[in-house]
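Visitor: Supplied in structure tokens, the structure appears directly below.
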Amino acid sequence: MDTITALTTRVSSPRLQEPGPSDSQLDLLLQAAIRAPDHGLLRPWRFIVLSGDQRERLGDIMEAQLLEGQPEADQRTREIARNKALRAPTIIVAVAEITENHKIPAWEQMLAVGASVQNMMLAAYELGIGAMWRTGAMANSDLAKGMLGFQPKDQVIAYVYLGTPASSLKSLPDESPADFIRELP
Ligand SMILES: Cc1cc2nc3c(=O)[nH]c(=O)nc-3n(C[C@H](O)[C@H](O)[C@H](O)COP(=O)(O)O)c2cc1C
């Protein structure tokens with residue numbers, strides 16, 4: 001698939017199954033990620049790659065984060081939270097490690113990591129790997145950030161779920177760039 005085709009047809013894969021990406025494919029995704037634009041060359045992106053049993057550690061974090069907000073959560077709710085870490089063969093956690101008090105503001109550093117995630121999404125699509133960008137409460141929890149090895153100032157940008165699409169890819173929405181063009185007032 002050529003890049004323009006990938007750019008104009010990419011869709012997410014919400015349901016994923018084994019096998020996950022190979023080591024060489026993961027390396028390609030990460031190489032694409034670190035070619036994202038980055039104001040000031042601060043290199044704010046950090047990636048935690050979790051496959052197989054390593055995802056249980058992420059399940060621990062998901063359960064801890066649930067219990068922080070709902071200490072009385074029952075066993076079933078806890079299992080549901082833990083199982084979010086097992087929804088895909090591989091999960092890449094993308095975090096913006098923010099350089100504070102810098103002329104490049106935090107929002108630009110976060111966008112650079114967002115661009116790196118999109119590079120990964122596109123590379124995955126081009127390689128035939130299903131991918132889904134997720135965030136949710138786990139992206140903003142200081143507890144989760146700490147358990148991932150980061151500080152409250154840092155920002156989880158994405159949990160990128162990767163694997164083999166478990167169903168056929170959805171069709172593209174009927175949209176045109178013209179829908180989003182505005183004229184200067
Ligand atoms: C920053 C960001 C966070 C997202 N978080 C979630 C999420 O937590 N759960 C979810 O279902 N979709 C989430 N999405 C949206 C999906 O990844 C996906 O883009 C959306 O369902 C549209 O599908 P498409 O990518 O095939 O157009 C997020 C997207 C972005 C850019």
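Visitor: Any chance you could count how many residues in region 91-104 are within 28 Å of Tyr161 (Cα to Cα) and assigned to a loop (DSSP other than H, G, I, E, B)?
Guide: Taking region 91-104 and keeping what is within 28 Å of Tyr161 (Cα to Cα), we get 91-99.
Restricting the remaining residues to those that are assigned to a loop (DSSP other than H, G, I, E, B) gives 97-99.
Total meeting the criteria: 3.
Visitor: Report the residue count in region 141-151 for those that are surrounded by fewer than 20 Cβ atoms within 10 Å (Cβ to Cβ) and more than 10 Å from Gln65 (Cα to Cα).
Guide: Residues that pass the stated criteria total 4.
Matching residues to (1) surrounded by fewer than 17 Cβ atoms within 10 Å (Cβ to Cβ); (2) under 30 Å from Pro173 (Cα atoms); (3) among the small types (Gly, Ala, Ser):
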residue: Ile4; (1), (2), (3): yes, yes, no
residue: Ser22; (1), (2), (3): yes, no, yes
residue: Gln54; (1), (2), (3): yes, no, no
residue: Glu63; (1), (2), (3): no, no, no
residue: Leu66; (1), (2), (3): no, no, no
residue: Val95; (1), (2), (3): no, yes, no
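Visitor: Evaluate region 107-127: report whether one residue or more is more than 30 Å from Pro19 (Cβ to Cβ), among the polar types (S, T, N, Q), modelled with pLDDT of 95 or more and out of contact with any Cys (no Cβ under 7 Å at 6 or more places or on another chain).
Guide: yes
Visitor: Follow-up. Confirm whether Ala112 is away from the ligand (no atom under 11 Å from the Cβ) and closer than 23 Å to Gln31 by Cβ.
Guide: Judged against the criteria, Ala112 is a match.
Visitor: Does Thr90 fit the bill of being within 17 Å of the chain's Cα centre (by Cα), surrounded by 22 or more Cβ atoms within 10 Å (Cβ to Cβ) and polar (S, T, N, Q)?
Guide: yes
Visitor: Given the criteria in contact with a Leu (Cβ under 7 Å, 6 or more places away or on another chain) and part of a helix (DSSP H, G or I), does Ala81 qualify? Walk me through it before giving the result.
Guide: On the way: in contact with a Leu (Cβ under 7 Å, 6 or more places away or on another chain): yes; part of a helix (DSSP H, G or I): yes.
Yes: the conditions hold for Ala81.
Visitor: Hey, among the residues in region 128-185 that are closer than 16 Å to Arg55 by Cβ and part of a helix (DSSP H, G or I), which one's nearest to the ligand (Cβ to nearest atom)?
Guide: Met138
Visitor: Then there is this: Can you go through Gly52, Gly40, Gly59 and tell me which one is touching a strand residue (DSSP E or B) at 6+ places or on another chain (Cβ under 9 Å) and more than 16 Å from the ligand (Cβ to nearest atom)? Full working, then the answer.
Guide: Details: Gly40 fails: touching a strand residue (DSSP E or B) at 6+ places or on another chain (Cβ under 9 Å); Gly59 fails: touching a strand residue (DSSP E or B) at 6+ places or on another chain (Cβ under 9 Å).
Selected residue: Gly52, the only one of Gly52, Gly40, Gly59 that is touching a strand residue (DSSP E or B) at 6+ places or on another chain (Cβ under 9 Å) and more than 16 Å from the ligand (Cβ to nearest atom).
The values are calculated or read from the model by the stated rules, or taken from the named source; none is laboratory data. For clarity, every value in this text was computed on a predicted model and none was experimentally measured. Heads up, the Cβs are rebuilt from the backbone with ideal geometry, glycines too, and the neighbour counts pull from every protein chain shown.
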